[in-house]
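First comes the structure, then the notes that go with it.
The values are calculated or read from the model by the stated rules, or taken from the named source; none is laboratory data. These numbers were taken from a predicted model, which means no experiment stands behind them. Neighbour counts are summed over all protein chains in view; Cβ atoms, including those assigned to glycine, are modelled from backbone coordinates with ideal geometry.
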Amino acid sequence: MGSISSEIQSILAQIDTAQIYVQTLGNFGVTIDGLRIDAKQFGRDASLQLFQFLITSRKRQGLHKEQIIDRIWYDLDGKAGLQNFKVAHHGANKALEPNRPKGQEPSYIIRNGSLYHLELESIVVDIDLLESLIVLGNQNFHKNQNIAIEAYTKALEFDRGVYMTNRLYEDWSSEERERIQLIILNAYMSLGELQLQTLPAEAIRLAQRALQIDNTWEEAYRLQMKAYLLNGNRPMVIKTYNACEAILETEFGIDPLPETRKILEESKAK
Amino acid sequence: MATRKEETASFMIRFTQKIFDGDDGAHEVQWRGNIRHVQSGTESKFLEVEEALNFIQSNLADLTKNAIVDKTPEEQKGILSKSFGIWKKVTAEAPKLVMDTLRDPMKQAEYVQEQIQDRIGSVKDEIGKKLDFDNVLGVLGRDNDKVMERLESISKELAALNSKIDQLKKSK
């Protein structure tokens, strides 16, 4: 376990060694060389928007100025869009590198010909760490449950809210938000399953967190029911089943799946 | 005039598959869907694709209504009717395509093939109407012929691919 634990540690250590650490889940925040700056330090919202967009598009090799304008400020015409980009680009560079000497090339928002991208060697993003930890958890789900539990637990400590809460209604952030939300939801379920036999109360809490993300996630109701059953709490098994039945009826007009009903029947038989 | 932002609606759709044994012991498949209108944050859950399309239609209708508030009632009626006319075509074809794709991914390839064949037909008709090939400059004619040949060859390749997959399925 020692070596893998150190693998978890090395993932987490990236927060301290990063020149820039970006928190995208919950309140957006940027930590530069250990000092956290908030959204206000970007000045104009356009500067923050540009930086957040580049963070969201970080896996792409680079984006043309026009592509960026078209995704973020698609309501502006050509000239106004270019002007907005210029101001936003300047503002974002100023927020990230307030002491950059005049004439020196920016270190974090890199311009390569007509393409713009982030210098990812220096920037660490919370969701990348979360994802690495979840991958580690998934890899160890069957072969080493202790490691899997540790990895999932650490990963879910990053879950401080939805992805870029201040961009909830922006087209360009939706895909990443949906992707991350599903990864997190599945991690809650995986960790809950691993904790079920030893810590049923924790499994219940994790299932409830999953239901906060999607209140129709039937596996989460099932996990709770199993945990209550293990605790010998039959009334709560029935109550949870009823809640599941009600929500599925309201949202989809369907009954719970046979495997969910089976747990209810098991509890009645006991 | 509406800005481009006011003219845009984005939707995020999630499908979750459930496979279970029905009361008669046969395997059942259920697709649970969730659709979100990005710009307003409103969400809807659905079991049938038609419900998702209704959700989209309702949001698009709002978009159209907001964009034509300054028009006369008569003009509004005309624009809305045209907007719904386009939508009617989409709703007639889209559920079939989505459900076919969910049930059998190969259907999607067949659909693409049909679309290509349709396009070949319509492009031929369209060009036929506008150009008299025999009298048109040779270069333009040759280029169009090349496009036609290529489209027909893609269509044939898709047909061959479909047939190979069918054979593979049968041999399993």
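For this structure, a couple of remarks:
- Taken together, the residues in segment A:182-206 that are assigned to a helix (DSSP H, G or I), over 24 Å from residue B:12 (Cα atoms) and not β-branched (Val, Ile, Thr) amount to 12.
- Count of segment A:163-176 residues, restricted to those that are part of a helix (DSSP H, G or I) and either surrounded by fewer than 20 Cβ atoms within 10 Å (Cβ to Cβ) or not small (Gly, Ala, Ser) (or both), is 7.
- Filter pass, residue A:249 being among the acidic types (Asp, Glu) and surrounded by fewer than 17 Cβ atoms within 10 Å (Cβ to Cβ): yes
- Selection status of residue A:131, within 20 Å of the chain's Cα centre (by Cα) and among the acidic types (Asp, Glu): yes
- Extreme residue, farthest from residue B:45 (Cα to Cα), among residues of segment A:242-266 that are outside any helix (DSSP H, G or I) and touching a strand residue (DSSP E or B) at 6+ places or on another chain (Cβ under 9 Å): A:257
- Residue in segment B:47-60 that is out of contact with any strand residue (DSSP E or B) (no Cβ under 8 Å at 6 or more places or on another chain), at the interface with chain A (Cβ under 9 Å from one of its Cβ atoms) and surrounded by 14 or more Cβ atoms within 10 Å (Cβ to Cβ) present: no
- Filter result for the condition that a residue is assigned by TED's automatic domain parsing to the domain that holds residue A:213, under 23 Å from residue A:214 (Cα atoms) and not in a helix (DSSP H, G or I), over A:179, A:160: A:160
- Selection within segment A:216-249 - within 14 Å of another protein chain (Cβ to nearest Cβ), farther than 25 Å from residue A:198 by Cα and out of contact with any Ser or Thr (no Cβ under 9 Å at 6 or more places or on another chain): A:246, A:249
- Residues of segment A:16-68 classified as at pLDDT 95 or above, part of a helix (DSSP H, G or I) and within 20 Å of the chain's Cα centre (by Cα), total: 9
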